[in-house]
1. As a test question: what accessible area, to the nearest 10 Å², does residue 136 have when a 1.4 Å probe is rolled over all protein chains in place?
2. Show 76, 175 ordered by accessible area, largest first, where the area counts protein heavy atoms only and the probe is 1.4 Å.
3. Quick one: order 171, 65, 154 from most to least accessible surface, probe 1.4 Å.
4. Be a star and scan segment 148-172 for residues whose amide nitrogen sits under 15 Å from the point 7 Å along the Cα-to-Cβ vector of residue 108.
5. Mind checking the angle between helix 3-13 and the chain's longest principal axis? C-alpha axes, 0 to 90 degrees, to the nearest 10.
6. Accessible area of residue 140, 1.4 Å probe, to the nearest 10 Å²?
7. With every atom except the alpha carbons ignored, what do you get for Rg and Dmax of the chain, in angstroms?
8. Leaving ligands, DNA and RNA out of it, report the carbon-plus-sulfur percent of the accessible area of the chain at a 1.4 Å probe.
Amino acid sequence: MKLPALCALLMLVGCAPADQPQGFQLTADLVTDDVTLRWSGAPIDAAYLMVEYATEENGEYTILSFLPPDRHEFHHPDLMPATTFYYRVTPLTAPEGRPATARPQPKELQLSWTDTGTDEDGYLLERRRTAQPAEVAAYLDANSTSFNLPLLPSDKPATYIPRPFRRGAPSPVIHETVP
């Protein structure tokens, strides 16, 4: 093989640049009974990253948190001894929504909206307060058009925006066993 052809072949099959993510990666560090998760390579178009755990390898996952896409770490403290925890992080894409119609009641806020999604996996009910980052107030089923949000005495005025979401490909599942 001639040298120019060999160089072209090496360029085609060579390694990607070191700063290019090699896919969605998840790692965990266990210290005593706390796990710290760290990840890289999450899709940049995610609206949120959903952090979940299960206590069985093929068990049902429980949502721990919804994080903004610029976060790359989550701390899960005070875990049960002698238990294995399985973790995954799933990106959620969600177009912007319009504010829900709100009807205040003594102990809850009745929210309603038009289902604008056509093939959503569900709805994220986003809470937006003045001068604070948006946060997920509720995780709802697909085709939802209403939700009764319980109010706490500490709740402040906010705008609630239902956002239809789609699940992206999750990170690889990792596990840690608490001694």
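The values are calculated or read from the model by the stated rules, or taken from the named source; none is laboratory data. Only a predicted model underlies this, so the values are computations on that prediction, with no experimental measurement involved. Because the Cβ atoms are built from the backbone with ideal geometry, glycine has one as well, and the counts that use them run over all protein chains shown. We work out accessible area using only protein heavy atoms, side chains counted, and drop any ligands, DNA or RNA first. Shrake-Rupley method; radii C 1.70, N 1.55, O 1.52, S 1.80 Å.
1. 30 Å²
2. The ranking, largest first, comes out as 175, 76.
3. Per-residue accessible area, sorted high to low, gives 154, 65, 171.
4. Within reach of a label on residue 108: 148-152.
5. 30 degrees
6. The value for residue 140 is about 20 Å².
7. Gyration radius and largest Cα-Cα distance of the chain: 20.9, 81 Å.
8. Result for the chain: 54 percent of the exposed heavy-atom area is carbon or sulfur.
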